[in-house]
Amino acid sequence: MQTGRPELTPTAVMAGRLLAQRLFGGSSDLMDYDKVPTTVFTPLEYGCVGLSEEEAVARHGQEHVEVYHAHYKPLEFTVPGRDASQCYVKMVCLREPPQPVLGLHFLGPNAGEVTQGFALGIKCGASYVQVMQTVGIHPTCSEEVVKLRISKRSGLDPTVTGCG
């Protein structure tokens, strides 16, 4: 494996398809390894796409990166009274408007579905402004992404306390 290239079957399939198109179809498209969505299917799923906060800071500098984040309580945790203290979402953006999204990290139920859904937007260059203008489907876990308003830089408590 080359550094920074995920060892995932769908990534290998896409890279192979793009190679075949370059060799036999006249294409010049290359694999974009920066925006490969992935999920770890553990009891509490973790999904991510794009850059981590650390990678974004290394590439762009701390002063050029804004990170929005929240702890949230999924609806399916409410009735059984499950501990939601580990459910967390983080969006890594460039700081200058319109704040292109560099990465999304999601820890909670259905992380694979949430990550896959936002991966296309990130691949297409979605900005924080565009994500905030997106209407969330209520009540879903993915709705938490379009409600991200608290930046790490602000120092405010990122715990979501209710609808909104």
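Going by what's in this entry, would residue 30 be described as touching a residue at least 40 places away in the same chain (Cβ under 8 Å) and in a loop (DSSP other than H, G, I, E, B)?
no
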Whichever residue in the stretch 125-161 is on the phi < 0 side of the Ramachandran plot and among the small types (Gly, Ala, Ser) and, among such residues, is most open to solvent (accessible area, probe 1.4 Å): 154
Hits in the stretch 46-72 (condition: farther than 20 Å from residue 158 by Cα and buried (at least 18 other Cβ atoms within 10 Å of the Cβ)): 49, 50, 51, 56
Looking only at the stretch 83-104, and only at residues there that are open to solvent by less than 20 Å² (accessible area, probe 1.4 Å) and in a strand (DSSP E or B), the one that is farthest from residue 123 (Cα to Cα): 89
Some residue of the stretch 65-78 being within 30 Å of residue 31 (Cβ to Cβ) and at pLDDT below 95: no
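With 135, 131 as the choices, which residue is without any contact (Cβ under 8 Å) to a residue 40 or more places away in the chain, among the β-branched types (Val, Ile, Thr) and more than 19 Å from residue 36 (Cβ to Cβ)?
None of the others qualify; the one that does is 135.
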Search result, residues across the stretch 1-53 that are modelled with pLDDT under 90 and in contact with an Asp or Glu (Cβ under 9 Å, 6 or more places away or on another chain): 1, 4, 34
Which listed residue is within 20 Å of residue 40 (Cβ to Cβ) and at pLDDT 95 or above, from 92, 129: 92
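Sort out which residues of the stretch 1-17 are out of contact with any Phe, Trp or Tyr (no Cβ under 9 Å at 6 or more places or on another chain) and within 23 Å of residue 117 (Cβ to Cβ), and write them in order of number. Talk me through it step by step, then tell me what you get.
Going residue by residue through the stretch 1-17, those that are out of contact with any Phe, Trp or Tyr (no Cβ under 9 Å at 6 or more places or on another chain) are 1, 3, 7-10, 12-14, 16-17.
Within the stretch 1-17, 8, 9, 10, 12, 13, 14, 17 qualify.
Taking into account only those residues within the stretch 3-18 that are open to solvent by less than 80 Å² (accessible area, probe 1.4 Å) and part of a helix (DSSP H, G or I), which is nearest to residue 47 (Cα to Cα)?
11
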Residue 100 more than 15 Å from residue 140 (Cα to Cα), without any contact (Cβ under 8 Å) to a residue 60 or more places away in the chain and over 16 Å from the mean Cα position of the chain (by Cα): no
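The values are calculated or read from the model by the stated rules, or taken from the named source; none is laboratory data. Please read these numbers as outputs of a predicted model, since none were measured by experiment. Backbone-built Cβ (ideal geometry, glycine too); neighbour counts: all protein chains shown. The area values use the complete protein model at the heavy-atom level, side chains included, leaving out ligands, DNA and RNA. Shrake-Rupley method; radii C 1.70, N 1.55, O 1.52, S 1.80 Å.
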